[in-house]
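Shown next, in structure tokens, is the structure this report addresses.
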Amino acid sequence: MTAEVKRSGKSLQAYLLGLLEKEARFARNREIVEQTPLPGADLSMDEIVAAVREARGDSGSGTESGAA
């Protein structure tokens, strides 16, 4: 960490404050994501596989070895 502080050109106090602020923003983002259902969260595995295959242009009858 000392090397990172030196590379940043900041004081240790300013560097640590920046880290704390960054972590606080990430924590808030996690809270928002946990509260808000993600689009497609209620899709089945078959629906997801079909959507991926459609996006790729796959017909689904290729030479795959049973992988979904």
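Every read-out reported here was derived from the displayed coordinates using simple, explicitly stated rules and does not represent laboratory data. Quick caveat: nothing in here was measured; it's all calculated off a predicted structure. Methodologically, a virtual Cβ is constructed for each residue, glycine included, from the backbone with ideal geometry; neighbour enumeration extends over all protein chains shown.
Would you mind ranking ILE32, ILE48 so that the residue whose beta carbon has the fewest other beta carbons within 10 Å leads the list?
ILE32, ILE48
Charges on Cβ only, +1 for Lys and Arg, -1 for Asp and Glu, centred on the Cα centroid of the range 2-56; of LEU20, ALA51, PRO37, which one is farthest towards the dipole's positive end?
Farthest towards the positive end: LEU20.
Please give the length that would be gained between ALA27 and ALA55 if that part of the chain were fully extended, namely 0.36 nm times their separation in residues minus their C-alpha to C-alpha distance (nm, one decimal).
6.8 nm
Could you give me the ³J(HN,Hα) list for the range 5-22, computed from phi with Karplus coefficients 6.51, -1.76, 1.60 and θ = phi - 60°, whole Hz, x at Gly and Pro?
4, 4, 5, 6, x, 9, 6, 4, 4, 5, 5, 5, 4, x, 4, 5, 5, 5
Based on the Cβ-Cβ distance of GLU4 and GLN35, what FRET efficiency does E = 1/(1 + (r/R0)^6) give at R0 = 25 Å, to the nearest 0.05?
Efficiency, rounded to the nearest 0.05: 0.15.
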